[in-house]
């Protein structure tokens, strides 16, 4: 979720698409062709795609359309070094290193990692958020080494507050990582979602009715929650010291270091704020770094949305800025992103229609924003530099997404924006909504 104050002009041609273990273009195309005629789980593809990678041999780099060179660090483009064996317990506890000129203490260039583990014997899911530090520094407090179950699958997701995050290091290949998705990346996510979706012991909490507005509690695929680049970034936060060092956000570390946090603005985190305003509870799981304290996470949000979001369900559309190649829609790029967040791949670009997406956004979002205004207006903003309260933040986010600086739904649908913002000193303080 790139906010208006953070959004920079992103040239998709600067994005990097070379990976140790990304799916071959031919494999994705062939796999999609087999399933176009009937419904399927996106993770059905994993059994087809991963063997393709393995037969190509260690160290082979596969290239999707316009897979360019790595974006140079600087001007909001940063490089994150992935530690060796990132899916192991020791790899999870080894800090990721953010290369200069980017710094974890700089809100505009901070990177974040979120991990999840499914015990394939019991179906229990846990969360573990690896630490990011600046290259050449040490953690303020060493990360906890997690205790992993005997039989498990681990996956990682990445969020970034700048423009383009590039993953480097041997861990990229070892973790089956996919980057080149602008602010977003992941490692082994399709295998994780496959393991969860095929395990009947996994228990996903039901959605309940909000006690304040009488509507079903939203998911990250509700059109009242999504923006121009949905399902991006993480719920991970790190403790930040005055000297710029970081530590995992645990109770023990907060007692030692205080509560100054580095945060990753995201749709995933925003859902927890909206839930709190509506009397809803997000899907949480034990944090392996924090004595099992329950925490929300991107994979939990996406699993619940995949299982329980009613129609229409918001899936990444063809013109999401994170899936463009040279400014144009690209099916392989779109499906690489969707597979990382447990979404059904599109059979064609028309199957990910931006017109349908905009129409659903117009029908659903303004009405829910207006209905929930008495509750969200009383809650703090997700970003006080942008808006003075949560309602104002949601309103400006809708406007940015719906108009031409976002998805250009006004132009596509040939309608006017139903939301009008009120500013004071450059900050959105209120909005009127025509429904």
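General observations
- Candidates 286, 317, filtered to the one that is at pLDDT 95 or above and surrounded by fewer than 21 Cβ atoms within 10 Å (Cβ to Cβ): 286
- With respect to the conditions (1) part of a strand (DSSP E or B); (2) more than 18 Å from residue 86 (Cα to Cα), residue 108 lacks only one, and its number is (1).
- Residues within segment 131-145 that are within 23 Å of the chain's Cα centre (by Cα), surrounded by fewer than 24 Cβ atoms within 10 Å (Cβ to Cβ) and either free of Cβ contacts under 8 Å to residues at least 40 places away in the same chain or assigned to a loop (DSSP other than H, G, I, E, B) (or both), tallied: 1
- Residue among 343, 333 that alone is in contact (Cβ under 8 Å) with a residue 60 or more places away in the chain, more than 26 Å from residue 415 (Cα to Cα) and part of a loop (DSSP other than H, G, I, E, B): 343
- Residue count, segment 391-407 (criterion: crowded, with 16+ Cβ neighbours inside 10 Å and either without any contact (Cβ under 8 Å) to a residue 60 or more places away in the chain or touching a strand residue (DSSP E or B) at 6+ places or on another chain (Cβ under 7 Å) (or both)): 9
- Residues that are in contact with a strand residue (DSSP E or B) (Cβ under 8 Å, 6 or more places away or on another chain) and surrounded by fewer than 24 Cβ atoms within 10 Å (Cβ to Cβ) were ranked within segment 230-248; the one that is farthest from residue 111 (Cα to Cα) is 241.
- Listed by first and then second residue, the pairs linking a residue in segment 376-390 that is part of a loop (DSSP other than H, G, I, E, B) to a residue that is surrounded by 18 or more Cβ atoms within 10 Å (Cβ to Cβ) and modelled with pLDDT under 95, with Cβ atoms under 7 Å apart and 6 or more places separating them unless they lie on different chains, are 382/265; 383/3; 383/265; 386/3.
- The residue list 297, 352 contains one member that is without any contact (Cβ under 8 Å) to a residue 40 or more places away in the chain, surrounded by 22 or more Cβ atoms within 10 Å (Cβ to Cβ) and in contact with a helix residue (DSSP H, G or I) (Cβ under 8 Å, 6 or more places away or on another chain), which is 352.
- Within segment 125-139, the residues that satisfy the criterion of being in contact with a helix residue (DSSP H, G or I) (Cβ under 8 Å, 6 or more places away or on another chain) and under 15 Å from residue 96 (Cβ atoms) are 128, 130.
- Taken as a whole, the condition of being buried (at least 24 other Cβ atoms within 10 Å of the Cβ) and closer than 30 Å to residue 280 by Cα does not apply to residue 207.
- Test: residue in segment 214-234 that is over 15 Å from the mean Cα position of the chain (by Cα), touching a residue at least 40 places away in the same chain (Cβ under 8 Å) and closer than 20 Å to residue 125 by Cβ: yes
- Pair list, Cβ under 9 Å, 6 or more apart: segment 309-327 residue on the phi > 0 side of the Ramachandran plot and in contact (Cβ under 8 Å) with a residue 12 or more places away in the chain, other residue surrounded by fewer than 24 Cβ atoms within 10 Å (Cβ to Cβ) and part of a loop (DSSP other than H, G, I, E, B): 326/11; 326/65; 326/66; 327/11
- Test: residue in segment 324-341 that is at pLDDT 95 or above, under 20 Å from residue 127 (Cβ atoms) and surrounded by fewer than 24 Cβ atoms within 10 Å (Cβ to Cβ): no
- Any hit, segment 45-63, residues being assigned to a loop (DSSP other than H, G, I, E, B), surrounded by 21 or more Cβ atoms within 10 Å (Cβ to Cβ) and either within 23 Å of the chain's Cα centre (by Cα) or at pLDDT 95 or above (or both): no
Matching residues to (1) closer than 22 Å to residue 311 by Cβ; (2) modelled with pLDDT under 95; (3) in contact with a helix residue (DSSP H, G or I) (Cβ under 8 Å, 6 or more places away or on another chain):
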| position | (1), (2), (3) |
| --- | --- |
| 196 | no, no, yes |
| 201 | no, no, no |
| 231 | yes, no, yes |
| 241 | no, no, yes |
| 273 | no, no, yes |
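- Test result for residue 122, under 18 Å from residue 262 (Cβ atoms), in a loop (DSSP other than H, G, I, E, B), out of contact with any helix residue (DSSP H, G or I) (no Cβ under 6 Å at 6 or more places or on another chain) and in contact (Cβ under 8 Å) with a residue 12 or more places away in the chain: no
The values are calculated or read from the model by the stated rules, or taken from the named source; none is laboratory data. None of the values given here were measured: they were computed from a predicted structure. Note that we place each Cβ from the backbone using ideal geometry, even for glycine, and neighbour counts take in every protein chain shown.
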